[in-house]
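For reference, the structure discussed in these notes is given below.
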Amino acid sequence: MSALRLLSSAARRTPKSIPLGRRGYAEVADKIKLSLVLPHQAIFTSADVTQVNIAAATGDMGILANHVPSIEPLRPGIVEVIESGNASKKWFVSGGFATVHPNNKLTINAVEAAPLEAFSAEAIRTNLAEAQRITAGNGTEEQKAEARIELEFYEALQHAVATK
Amino acid sequence: MSAATWRQFFSFNKYSQITASALRRSLNETERLAAEKRGTTNVRYQNWANGEGGQQVVLNPPAETPKASA
């Protein structure tokens with residue numbers, strides 16, 4: 001009898017409905033706080049944005065509000081920031097890390113980044129040819145490895161600038 | 001970057017610096033001047049013995065005329 005009373009009083013103490021986090025698929029009301037920082041410049045500092053598209057080493061991904069915490073190394077590629085509506089801004093980053101923190105914050109650390117308009121197609125073409133020449137030449141393996149890194153970089157950059 | 005053969009030669013830091021300087025070299029003229037300054041590093045060292053500093057040596061001295069310094 002006392003066990004039953006204990007049980008019923010326990011039932012009265014539990015809340016009638018456990019509040020669930022409201023979560024839809026198409027809503028854009030939630031924003032994520034983005035900090036896009038370079039060693040010499042902070043492009044965004046805890047700014048509310050709707051979506052951030054990044055080029056992670058494991059593939060392209062889009063980060064929305066309340067994303068699961070993760071750490072992603074970035075490959076040389078475009079970071080696209082959609083602040084609100086359909087307007088988006090793009091930067092080409094040389095590489096770095098994107099970290100989603102548990103409290104709905106996204107930090108992107110890059111060594112160098114620039115908007116796509118800041119690049120010169122001519123310079124990219126020249127650099128690409130130079131990197132190809134070194135890769136196919138007869139320098140040391142280390143020089144060739146460096147040239148191969150640059151080759152990947154220039155190809156990605158050329159593609160990004162051409163299809164902006 | 002993921003299936004990387006450069007890892008046998010370089011650390012990740014070096015890889016980051018290689019891609020960063022590649023980016024700086026691809027900017028258009030106006031931006032590049034400011035950016036190139038970010039890529040330069042200068043090293044100056046000095047040996048100390050018995051509480052006295054020896055000659056200050058600049059590694060890879062710049063081509064321009066250096067300012068008079070102590």
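For this structure, a couple of remarks:
- Some residue of region A:109-120 being at the interface with chain B (Cβ under 9 Å from one of its Cβ atoms), crowded, with 20+ Cβ neighbours inside 10 Å, more than 20 Å from B:Phe12 (Cβ to Cβ) and not aliphatic (A, V, I, L, M): yes
- Pick from region A:136-155, criterion acidic (Asp, Glu) and over 17 Å from B:Ser16 (Cβ atoms), ranking: nearest to the other protein chains (Cβ to nearest Cβ): A:Glu141
- Just so you know, in region A:106-164 the residues that are among the basic types (Lys, Arg) and at pLDDT 90 or above include one that is farthest from A:Gln41 (Cα to Cα), and it is A:Arg133.
- Filter result (among the aliphatic types (A, V, I, L, M) and free of Cβ contacts under 8 Å to residues at least 40 places away in the same chain) within region A:101-139: A:Ala114, A:Ala118, A:Ala123, A:Ile124, A:Leu128, A:Ala129, A:Ala131, A:Ile134, A:Ala136
- Only listed residue being hydroxyl-bearing (Ser, Thr, Tyr) and over 17 Å from the mean Cα position of the chain (by Cα), chosen from A:Thr58, A:Thr126, A:Thr50: A:Thr126
- Here region B:18-46 is the region considered, the condition is being in contact (Cβ under 8 Å) with a residue 12 or more places away in the chain and more than 12 Å from chain A (Cβ to nearest Cβ), and the residue that is farthest from A:Thr126 (Cα to Cα) is B:Tyr45.
The values are calculated or read from the model by the stated rules, or taken from the named source; none is laboratory data. Every value quoted in this text rests on a predicted model; they were computed, and no experiment measured them. A quick note on method: Cβ atoms are made from the backbone with ideal geometry, for glycine too, and the neighbour counts reach across all protein chains shown.
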